[in-house]
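Here's the structure we're looking at; comments come further down.
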C-alpha cells in the first residue's frame, strides 16, 4: 500500500489513507474497510513493518512504514480466496463439515487455517525485551478522560485528592492536579478482591507492549459509549460505517463518501447532517424522526424515510445503493443510489469493565443495552466501583458533567459505598425490538447477512441454531462463534439480543448475556509479561 496523507486529526506523520484502505474478512474473504474508527472493531487490522493485527485507525504511520493486508492472496484488491464467498452462499459448516473423506482432512485443515488467519508471527522473529510494568498506588483511579471523566477528576482534585486518570487517546489534555496516563487501555486483572487495602488492580497497556499497573481503593469508570451497528444484507461492505467512524476518519468535512444515507432519527443523526450537509442524500429511521432532524433536513432539501427497514446494501466492492421498504409489511421495496450508509441510530455504553468486575447489570430498554445498576451517586453493586457518563445514563454533555461531578464527590467521601437499592425493572421496549421482528418477517433479501463481522458468522447460522432448540445468547455464542471475536461482541451482541428475543418469543433480558472473560480488550502478552509475580515485590 502506498503511503498517503493520514486524514485523522493529530496523526502526525503521513501514512495510508483510511478512505482507500481495504482488508478481507476471516472466513469468506469479503472486502472490508474501516467501520467504527475508534479501535474496537476488526475491519482495519493490517500488518505494519512485520507486526500483525495493528489497528490502522488508531496508528500514526511514518512515510517509510510498510503496511500490508494480513489474509489476502495475492492482494487485497484481487484475492483468490474470495471464491469461498461465492461457493458457499449460505455459509460454511465449520462444526460438522470438512470431515469426509478422511484422507482429505489434512488439506481441509490447511485451507481453514489459511482462511481464518488473522496474522502470522511477527517478522523477522526475534526476542522482544519486556519492560517492567510501572506500579502506582492511589486512592482513586478514573478510567476515561472524556467529559465525565474530566469532571470527576476535577471534583476529586477540588476536594484535595490526586486521582490517576487512564485514557486511551494519546493526545488527551492534562488535568490539573491529576496524573493522566495517556495512550493506554485499562482492564481489571484480576476482578476486584474486596477486603484488601487496594481492592482494585488495573492494567493499563500501551500499543508498544509497556504497561502501568494501578492499585486503587476506588474506581470510577467513565469510558463513554459508541455508535451501534445494524444487521442487513451487505452490512459488512466498504461504505457502511458508524457515526463514530465518519467523525473520526473525516474530521475536516471531506468524507470518503459523496452520497450517504444516514440511518437514525435522533440527535446523533442531526450531528451527521450538520457535519456533512453536502454529502447526505437521505435520512432513514427505524421509527419516528425528531422535529429538529426534520427541520434541518428540510433546510438541506434531504428526503426523510421514517419507519423504514433497511434490507440490504448492494454493490460488488463497496456500497452502490441501498434497498429499503416501509414498515408495516405491505409496501414494496425500493432502492436509493448511495455510496455510504452512516449508522447514527443509537449510542451504547461501554459496559465490559462492569461485567468483568462482577457488577449487577440491568437491561435498559430506552438504550437497548445492558448497563450497570447504579445508585444516586453512580455507585454500583461492587463497593468502591462507580459509573459516570454514558454508562451511568448520561446522554448529553451537561448530563455527563453532572454525572462526573457527583461520582467524584462520592469517591472523595470515602468509606464503604452505600448499599445499592434495588431499582424497579425498566418498562417499555426499544423500537428495534419491533423493527427486527418486521425485518425477519420481510426477509433481508439477496446477499449475505454477516451478523458477526469478526468471525464471519451469518444470519442463517444463528437462525439454524434457534431452529435446533438452542436458546439464550451464551449457548448461541458457543454454537455459532458469534461474539467471540476481538471486539468482544460490542457490535454483534446488541442486535443478536433483539433477534433472539423475536425468535424465542420472550423478553430481551431473559435472553441473557455472554460471560465477559478478562481481558475484555486486546492486551499484548508483552504488557502482561512485565507484571510482577503474584505476591512478590514490585518490579
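Nothing in this text is a laboratory measurement; each read-out follows from the coordinates by a stated rule. In this text, all values refer to a predicted model and were calculated from it rather than measured experimentally. All Cβ positions, even for glycine, are placed from backbone atoms using ideal geometry, and neighbour counts span all protein chains on display.
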With a ≥ b ≥ c from the Cα gyration tensor eigenvalues, square-rooted, and the rule rounded for a/c under 1.5, otherwise prolate when a/b > b/c and oblate otherwise, the chain is rounded
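Please compute the length gained on full extension between residue 333 and residue 362, using 0.36 nm multiplied by the number of residues separating them and subtracting their Cα-Cα distance. Write down the numbers at each step before the final one.
On the way: separation 29, 0.36 × 29 = 10.44 nm, distance 3.73 nm.
Full extension from residue 333 to residue 362 adds 6.7 nm.
When the expected Rg is taken as 2.2 N^0.38 Å, what fraction or multiple of it is the alpha-carbon Rg of the range 18-116? Show your work: numbers first, answer last.
On the way: Rg = 15.5 Å, N = 99, 2.2 N^0.38 = 12.6 Å.
For the range 18-116, the normalised Cα radius of gyration is 1.23.
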Between the alpha carbon centres of the range 157-200 and the range 260-318 the gap in Å comes to 39 Å
Placing each pseudo-label 7 Å from Cα in the direction of the beta carbon, residue 112 and residue 441 end up separated by a distance in nanometres of 3.9 nm
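Quick check on packing: order 23-32, 240-249 by the mean number of other C-beta atoms within 10 Å, highest mean leading.
Working: 23-32: 22.8, 240-249: 25.4.
Result, highest mean Cβ count within 10 Å first: 240-249, 23-32.
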Counting only backbone N atoms under 15 Å from a point 7 Å out along Cα-to-Cβ of residue 316, the residues of the range 45-79 in range are 77-79
Label model pair residue 376, residue 429: point-to-point distance (7 angstrom along the Cα→beta-carbon line) in nm is 3.5 nm
For the chain, averaging the sequence separation of alpha carbon pairs under 8 Å that lie six or more residues apart and dividing by its residue count, the contact order in percent is 16 percent
Residue separation between residue 104 and residue 517 times 0.36 nm, minus their alpha-carbon distance, gives in nm 145.1 nm
Debye calc, one equal point scatterer per Cα of the range 229-345, no solvent, log10 I(q)/I(0) at q = 0.22 1/Å comes to -1.28
Footprinting proxy, 213, 278, 68: sorted fewest to most Cβ within 10 Å, the residues are 278, 68, 213
Subtracting the Cα-Cα distance of residue 179 and residue 505 from 0.36 nm times their residue separation yields 112.4 nm
